[in-house]
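What follows is one structure encoded as structure tokens, with my remarks underneath.
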Amino acid sequence: MAGPPDHLDNQDERPMTTKKRIVLSSDHAAIPLRQAIAEHIAAKGLEVVDIGPTTPESTHYPKHGQAAAERVVSGDCDLGIILCGTGQGIMMAANKVKGIRCGVCCDTFSARMIRLHNDANILSMGARVVGEGLALDIVDAFLETEFEGGRHATRVDMIEA
């Protein structure tokens, strides 16, 4: 099985992105993972805007995905990280907000690529899919990768149209 393209081999050596405000949200299924991610991001010197629930009562993931997406689109936050059981439903809700490019990632390669080639502004993960260690690695890959631009900018523009 082939590894990542050569231009991605040294991604771990890149400094943390200049993005400073990261919005976090989740439904009830992902509260512990969201809290671990919040601590991890804060330890890296980034500002965390946690708008997710704090109690385990069942909540509806669409409202949490939309709320995070609106924070990013408004410019209040630079990037977002959202979670639900699988990451899929909350991602679908976030992507309904014009200007949002959100992808579900279960590995670091995909997290790098959605930033590098798709200029994703929100990362979605499933708390029932990835463990905490992998989730933190995925978060780092997402936050440390910048959009490549070039031919990819044309493609992103086609998504926005």
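The values are calculated or read from the model by the stated rules, or taken from the named source; none is laboratory data. All values reported here derive from a predicted model rather than from experimental measurement. Heads up, the Cβs are rebuilt from the backbone with ideal geometry, glycines too, and the neighbour counts pull from every protein chain shown.
Only one residue in Ala127, Ala120, Ala93 is surrounded by 21 or more Cβ atoms within 10 Å (Cβ to Cβ), under 11 Å from the mean Cα position of the chain (by Cα) and among the small types (Gly, Ala, Ser). Which one?
Ala120 is the lone residue from the list that is surrounded by 21 or more Cβ atoms within 10 Å (Cβ to Cβ), under 11 Å from the mean Cα position of the chain (by Cα) and among the small types (Gly, Ala, Ser).
With respect to Ala141, is the statement that it is surrounded by 21 or more Cβ atoms within 10 Å (Cβ to Cβ) and either of a type in the set (Phe, Trp, Tyr) or over 16 Å from Val23 (Cα atoms) (or both) true?
yes
Taking strands (runs of 3 or more DSSP E) that fall entirely within segment 51-161, which contain at least 2 residues that are closer than 16 Å to Pro32 by Cα and modelled with pLDDT of 95 or more?
Because the criterion is at least 2 residues that are closer than 16 Å to Pro32 by Cα and modelled with pLDDT of 95 or more, the strands (runs of 3 or more DSSP E) in segment 51-161 that meet it are 79-84, 122-126.
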